[in-house]
1. Which numbered condition in (1) touching a strand residue (DSSP E or B) at 6+ places or on another chain (Cβ under 9 Å); (2) within 16 Å of residue 161 (Cβ to Cβ) is the only one that residue 26 fails?
2. Could you tell me whether region 187-203 includes any residue that is modelled with pLDDT under 95 and not in a loop (DSSP other than H, G, I, E, B)?
3. Here's a check for you: in region 213-241, which residue that is among the β-branched types (Val, Ile, Thr) and not in a helix (DSSP H, G or I) is nearest to residue 156 (Cα to Cα)?
4. Over 18 Å from the mean Cα position of the chain (by Cα), not charged (D, E, K, R) and not in a helix (DSSP H, G or I): does that describe residue 26?
5. Residue check, residue 192 against (1) closer than 21 Å to residue 17 by Cβ; (2) surrounded by fewer than 19 Cβ atoms within 10 Å (Cβ to Cβ), all met but one. Which one?
6. Answer with yes or no whether residue 210 is part of a helix (DSSP H, G or I) and under 28 Å from residue 94 (Cβ atoms).
7. I'd like the full set of residues that are among the β-branched types (Val, Ile, Thr) and in contact (Cβ under 8 Å) with a residue 24 or more places away in the chain, limited to region 135-167.
8. Within region 209-231, identify whether any single residue is out of contact with any strand residue (DSSP E or B) (no Cβ under 8 Å at 6 or more places or on another chain), among the β-branched types (Val, Ile, Thr), over 24 Å from residue 124 (Cα atoms) and surrounded by fewer than 17 Cβ atoms within 10 Å (Cβ to Cβ), and answer yes or no.
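The values are calculated or read from the model by the stated rules, or taken from the named source; none is laboratory data. This is a predicted model, so every value here is computed, not measured. Every residue, glycine as well, gets a Cβ built from its backbone with ideal geometry; the counts of neighbours run over all protein chains shown.
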Amino acid sequence: MTVVAVLADPPRPGLTFSRLAETSPLSNADAAALSEALLCDTLQAVERSGGELLVNYRSDDSLPDAHVDPEESAEDALRAIADETLEDPSEARFEVQVGSDFSARAGNTVTHLLREEGVRSAAVVRGDAPFLLRSTVDSGAMKLRTNEVVLGPSTDGRVFFAGFRAPIDFENAYASPELETLVDCANEADRDVGFLEMQPTVRTGADLATLVSTIRARWQADRVVPEHTASFVVDNDLFVSDDGDGLTIVRE
């Protein structure tokens, strides 16, 4: 069984998706609400897959002071989301992240799982890939049976999924462009690499335009859409418009 670690921050304005708020019509509060919707869909996808869900969160001590809630810890905030979202929240593990940056935190989690807990394979996702479905997680786990590293390419050189059957040197492994850097690290460790089909991730206004257009198109075609994320798009009347200089988000 593959352990899927969702590296998540509590969805608070200015803490999650702050770059999205800077590059789109969404406010910081809107961006935080979207991050929560995406996280809910990610948790559901992992729970429904054949993998084991691990929610990996930053402790309050490691969060910026401005985003620490004295009335609700980061763990409690994420547990509340899991309780509302998952069919069986008791099956989800919650563990604090350790490390100074994302590369270190992801690396420490994966290395601990593989070396200390002896799991067969471990994967890292961020909760920013709206079309990460149960089938995607299962496909990644299947590829990890024959590849030591499996990566899910995304837009702007990112990855939406990174799975490992053997550790690599994770120092700066997620430096941009993530996909190339992770492959370089895998090559240096003499690990063979497999790939999933490309999926979009959401971090900027341009990413949001792709998300909104794809969700509305899939809805019109009567195809599966991520439940919570799609509801956010509809509830906030988000549409895509071409102003002549590219696609932009409008609220109707």
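1. Result: residue 26 fails condition (2) only.
2. Looking for residues that are modelled with pLDDT under 95 and not in a loop (DSSP other than H, G, I, E, B), one finds none in region 187-203, hence no.
3. 240
4. Answer is yes for this residue.
5. (1)
6. no
7. 136, 137, 146, 149, 150, 155
8. Checked against the condition, which is being out of contact with any strand residue (DSSP E or B) (no Cβ under 8 Å at 6 or more places or on another chain), among the β-branched types (Val, Ile, Thr), over 24 Å from residue 124 (Cα atoms) and surrounded by fewer than 17 Cβ atoms within 10 Å (Cβ to Cβ), region 209-231 yields no hits at all.
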